[in-house]
Amino acid sequence: MEIKINPADGVPIYRQIVNQIRYSVASGLLEPGDELPTIRAFALRLKVTPNTIVKAYEELESAGIVQKRHGSGTFVSGERTRLADWERRRIIEQRIDALLTEAHQLDFSGEELFKLIRRRQALLADSRTENQAKDASGS
Amino acid sequence: MSTLVEVDALSRRYGATIALDNVSLKADVGLVYGLVGANGAGKTTLIKHLLGLLRPHQGQVRVFGLDPVREPVAVLRRVGYLSEQRDLPEWMRLDELLRYTRAYHPSWDRAYADQLLDSFGLDRRKKFSDLSQGMRAQAGLVLAVAHRPDLLVLDEPSSGLDVVVRQDILDAIVRTVVEDGRTVVFSSHLLDEVERMCDHVTVLHEGRVVVQGSVDEVRATHRVSQVRFPRQLDSSPDIEGALSIAGDGRAWSVVHTSALESLREIALRAGGEITESRIATLEEILIARVRRSNRQRQAA
């Protein structure tokens, strides 16, 4: 699992770690039962104060994403599907909010934006079928 | 949580220059404390007080509950220190200084020292005068941590070092804190380093504390918001509660401690609109605070 820390980001470092682990769980990069690095190893790898990792793990634990097992370590919890649905939505909503803000600044109306999204979607779908056709004929 | 360092209303002058003005700092066990500020802000002076190298003109300094000026041996035995100059005896060989330093520290951990020296690839038989900047920093670091101090004090540990050696220093800080819940105080002008490594930050400017608190808290209470105006402004807009305002024309960037909602209203009254807002980085906070403090001094 690769975690990227950007101190210049407008998000506290422990939250950056939380978000990226959540994302990894939601996208299936981390699966239920997978073990997370120890606090020491993670702090050394990311070059952050160990207390940041402690804080991140605490937040992940209280959100039910990971479980601490006494004396052994921190593991991804079992309830993946429920979490993933909720998480998938949160991630996409963040993107939508950013898009809406940008559209507003560029003076696109909501209606124009929806039209553009549908058009892009159709284009993407076309190119995907084309690629599949190419793959099929190529093999 | 027990308190390791307690600086209370410390002031210090060098002639007519105020080096420290009413500075307070409390450091608890197991955390990393950052001292941040421009050159001459008072970081090194504060650190020298912690080590008992300077006597407070006003206020009080306690380390492990002791006065470091009156009980230097009891304090320094439990402190590891790396100075910015990394002043090492040029004529000595590394192994000679190691042996010499070890004699003063009953708690010296030889295996740990050897492990660090090997990982840095340092030749113990070299004289300090033959070591590069980076090697001197690494050697200084071994000498500062091998007795497993309860308090590790580093003055600008990264200054003048390449990326690789800087990583070694950061590793040593993490290890110190993680392995036995020890405490680190370090000064740095590299703010992204402080942001990553510190639990708590003290920003000094001209001897005074301008911001202090946990890094997350300090960042969360400062925001950078982009304010856009329908027409170009010739001079910076009047935005109440702003720490600093920068920009030109229609787009202005505001650093503020006020809540986003109240800034939104203030901006609206000034005829502008907030297009973006996020928590500030330490660098943005430091610059805004220093500019503001300079403005206030000029106005006075």
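Tell me the trypsin sites (Lys or Arg not before Pro) within the range B:96-156 that lie in a loop according to DSSP and have at most 11 other beta-carbon atoms within 10 Å.
Sites meeting the loop and neighbour criteria: B:R125.
Each DSSP beta bridge with both residues in the protein assembly as shown is either parallel or antiparallel, and the antiparallel ones are about 70%. Using Cα atoms only, what is the angle between the long axis of helix B:94-104 and the major principal axis of chain B, expressed in degrees (0 to 90) to the nearest 10? Value to nearest ten degrees: 90. Look at the stretch A:5-11: the mean tally of other chain Cβ atoms within 10 Å of its residues' Cβ atoms is 6. As a rough footprinting exposure proxy, the listed residues B:M197, A:M1, B:M135, B:M92 were ranked by other beta carbons within 10 Å of their own, and the order from fewest upward is A:M1, B:M92, B:M135, B:M197. Rounded, prolate or oblate, given the Cα gyration tensor of the protein assembly as shown, with a/c below 1.5 counting as rounded? Oblate shape, in that a/c is at least 1.5 and b/c is the bigger or equal ratio. Taking A:S24, A:S77, A:S62 in turn, the Gaussian network model of chain A (Cα-Cα springs below 10 Å) assigns the largest fluctuation to A:S62.
Note on chain A: with a GNM built from Cα contacts shorter than 10 Å, the maximum mean-square fluctuation among A:A122, A:A56, A:A98 falls on A:A122. Stretched out straight at 0.36 nm per residue, the stretch from B:S214 to B:E261 would grow longer than its current Cα-Cα span by 14.5 nm.
The calculated 222 nm mean residue ellipticity attributable to helices in chain B amounts to -10500 deg cm²/dmol, summing -39500 (n - 2.57) over DSSP H runs of n ≥ 4 and dividing by all residues.
At an R0 of 45 angstrom, the distance between the Cβ atoms of B:R278 and B:Y100 translates into a FRET efficiency of 0.30. Of all DSSP-defined beta bridges confined to chain B, some 70% are antiparallel rather than parallel.
Computed from label points 7 Å out along Cα-Cβ, the spacing between B:D234 and B:W91 is 7.0 nm. Per residue of A:42-48, other chain Cβ atoms within 10 Å of the residue Cβ number 5 on average.
Taking other C-beta atoms within 10 Å as the exposure proxy, B:S188, B:S119 rank B:S119, B:S188 from fewest upward.
Counted residue by residue at 0.36 nm each, then reduced by the alpha carbon distance between them, the extension gain from B:Q133 to B:S107 reaches 6.6 nm. Label sites at A:E35 and A:R118, each approximated as a point 7 angstrom past Cα along Cα to Cβ, lie 5.3 nm apart. Per DSSP H run of n ≥ 4, the term is -39500 (n - 2.57); total these for chain A, divide by its residue number, and report the mean residue ellipticity at 222 nm rounded to 500 deg cm²/dmol. Helix-only estimate at 222 nm: -22000 deg cm²/dmol. Beta bridges from DSSP with both residues in the range B:128-224: antiparallel share about 55 percent, rounded to the nearest 5.
We did not get these values from a lab; they are worked out from the coordinates using the rules stated. Worth saying up front: this structure is predicted, and the values here are computed from it rather than measured. Neighbour counts run over all protein chains shown; Cβ positions are idealised from the backbone, glycine included.
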